[in-house]
Amino acid sequence: MPPDHGQSRDALDATQEALIALVRGLPRFDGRAAFTTWSYRVATNTCLDELRRRRRRPDPSEPDHDRTEFDAAAASPSVDDQIVARMTLDDALQHVPVEFRAAVILRDVCTLDYAEIAEVLDIPPGTVRSRIARGRALLASRIGGEPGTRPRASEPLT
């Protein structure tokens, strides 16, 4: 198994925290928004809270992973390329401010439309468009692509 630098554990932790927040928040769900929109909002806020907490505490070094479990010969080049691309994207996303990162992920990974993102993040739709554009430009410059380009629907950021 290739090393994941703790990202899988982080994703599982965030999922668990989001589910706990959803269950605890159910009594406050008033039906003004669709349940999916409300749940995206709760999950997004939970993840943003965790990111803020991480900034306040030191980041312990990751333990060394046992590379004997990973058989490099069994991996096809396309899988390697996908892993490198994903790690590059994950690294680039860490350098994008949270407000832009959230908008880009909700649009390009979760495939929410602008109105849904506006509701989830509690910002105007014009601000959503601006944050997505700025976030994508920062990602493109960080990864080395053209700032004006964006992935086609067949090329998601995941």
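Search segment 130-152 for residues being on the phi < 0 side of the Ramachandran plot, surrounded by fewer than 17 Cβ atoms within 10 Å (Cβ to Cβ) and in a loop (DSSP other than H, G, I, E, B), and hand back the single one that is modelled with the lowest pLDDT.
Arg152
What number of residues within segment 6-43 satisfy the criterion of being among the charged types (D, E, K, R) and on the phi > 0 side of the Ramachandran plot? Explain how you work it out, then say what you get.
First pass over segment 6-43, keeping only residues among the charged types (D, E, K, R): 9-10, 13, 17, 24, 28, 30, 32, 41.
Now drop any that are not on the phi > 0 side of the Ramachandran plot, which leaves none.
Result for segment 6-43: 0.
Yes/no matrix, rows are residues, columns are (1) assigned to a helix (DSSP H, G or I); (2) modelled with pLDDT under 80; (3) surrounded by 10 or more Cβ atoms within 10 Å (Cβ to Cβ); (4) not aromatic (Phe, Trp, Tyr):
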| residue | (1), (2), (3), (4) |
| --- | --- |
| Asp10 | yes, yes, yes, yes |
| Arg24 | yes, no, yes, yes |
| Gly31 | no, no, no, yes |
| Ala43 | yes, no, yes, yes |
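The values are calculated or read from the model by the stated rules, or taken from the named source; none is laboratory data. Since this is a predicted model, take the numbers as computed values, not measurements. Positions of Cβ are generated from backbone atoms using ideal geometry, with glycine treated the same way; all protein chains shown enter the neighbour counts.
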